[in-house]
1. Go from 0 up to the bin containing the longest alpha carbon distance in the stretch 68-216, width 10 Å each, and give me the % of pairs per bin.
2. How are the alpha carbon pair distances in the stretch 1-99 distributed across 10 Å bins from zero to the largest one, expressed in percent?
3. As an exercise, use a Förster radius of 60 Å and the Cβ-Cβ distance of residue 270 and residue 404 to find the FRET efficiency, rounded to the nearest 0.05.
4. What is the order of 298, 333, 276, fewest Cβ neighbours within 10 Å to most?
5. Note the full-extension length gain between residue 1 and residue 53 as 0.36 nm times their separation in residues minus their Cα-Cα distance, in nm to one decimal.
6. For the stretch 270-353, what is the largest minus smallest coordinate of the Cα atoms on each principal axis, given in angstrom and ordered from greatest to least?
7. With n ≥ 4 as the cut-off for DSSP H runs, can you work out [θ] at 222 nm for the chain, using -39500 (n - 2.57) per run divided by the number of residues, rounded to the nearest 500?
8. Percent antiparallel among DSSP beta bridges with both residues in the chain, to the nearest 5?
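What follows is calculated from the coordinates using simple rules that are stated; it is not laboratory data. Quick caveat: nothing in here was measured; it's all calculated off a predicted structure. Please note: Cβ atoms are built from the backbone with ideal geometry, for glycine as well, and neighbour counts cover all protein chains shown.
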Ligand SMILES: [Zn+2]
């Protein structure tokens, strides 16, 4: 006897050879929080009510895997609407910084915020994501750039997972930039992270991966490789923000480190993309930042596609370059701006997003044995998920086999 069964619905399994892994008029069943059975209705081995304690008759629509937002900076204090306003009134980057804006503003505000207020803000944002069918969210630190605040951000990420029906994947991003106390001494700052901060995060069970900024305004390849080596010594996978403002060979560095994903990649070289293809690293594309920064250089999606580099999409929710809590909007932007197909966009927030987090055995597709995390949509075709511009067609969501309040 299954716990629950969903019937009269089309399934987008996101596996197999047909587009979207579509299974029209399918049935999916959950037991003990996991997918216990799925298939065409005709193959159901009995009457629905005889097979499951609860039968959900969906009367049409599509059921997809719960969406995975694989790149967020969800935990931060305040916002940067003033920077936005100043820039539109003609201020340049230096003027915004001189007025107390930019990333230093968010670092100061986050350092000053207590755990309770950071959690309250993060819950509002995660709830917005959940209302779009998101059931797994990666959450980075990186607005403390000191020991206490980095750990506090990671504790808040863990608290989000306790407070809401959502899987949280915490990532240590102490190397988001050089901490203010270490200005001009990036090597010393990396040493500090390796010696003091990362071990504390590992000891407290707060971190599942290590991320770093590998750009001209952050860290060099050798500095990031040093951090990656420390991550590996702790048994943690790595990833990087890279090749967003220029070609730093970051995709190749991530690939050589056996990393999960290289994120942004507007300027990634062909050689980097080839190295990523060989290593199986995910290209994690972030159209929200591209849009906000009015970046005209687009990631080389055609080559990624030709090489078979898996493409994932994230909201990149952050107060500066991507102040959004809409993953669905990123699907649209990835299609309209980057040229992804609607199917690639949906794979980017399901199957490939799970791979980018190293969680592909647990979430990201509808397959027996994976978590029963679903999103049920009032749509005629999965293409609608990317087609609507700021319109949310979610009807309901299921987490670990149970319906969730949205
Ligand atoms: Zn980011």
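1. All Cα pairs considered, the percentages come to 11, 38, 35, 14, 1.
2. 13, 30, 17, 9, 14, 13, 4
3. For residue 270 and residue 404, the calculated efficiency is 0.90.
4. Numbers: 298 15, 333 23, 276 27.
Placing the least packed residue first, the sequence is 298, 333, 276.
5. Numbers: separation 52, 0.36 × 52 = 18.72 nm, distance 0.70 nm.
Full-extension gain reported as 18.0 nm.
6. On the principal axes, the stretch 270-353 reaches 34, 24, 20 Å in Cα extent.
7. Numbers: 17 runs with 145 residues, N = 406.
That comes out to -10000 deg cm²/dmol.
8. Working: 24 of 57 bridges.
Roughly 40 percent of the beta bridges in the chain run antiparallel, per DSSP.
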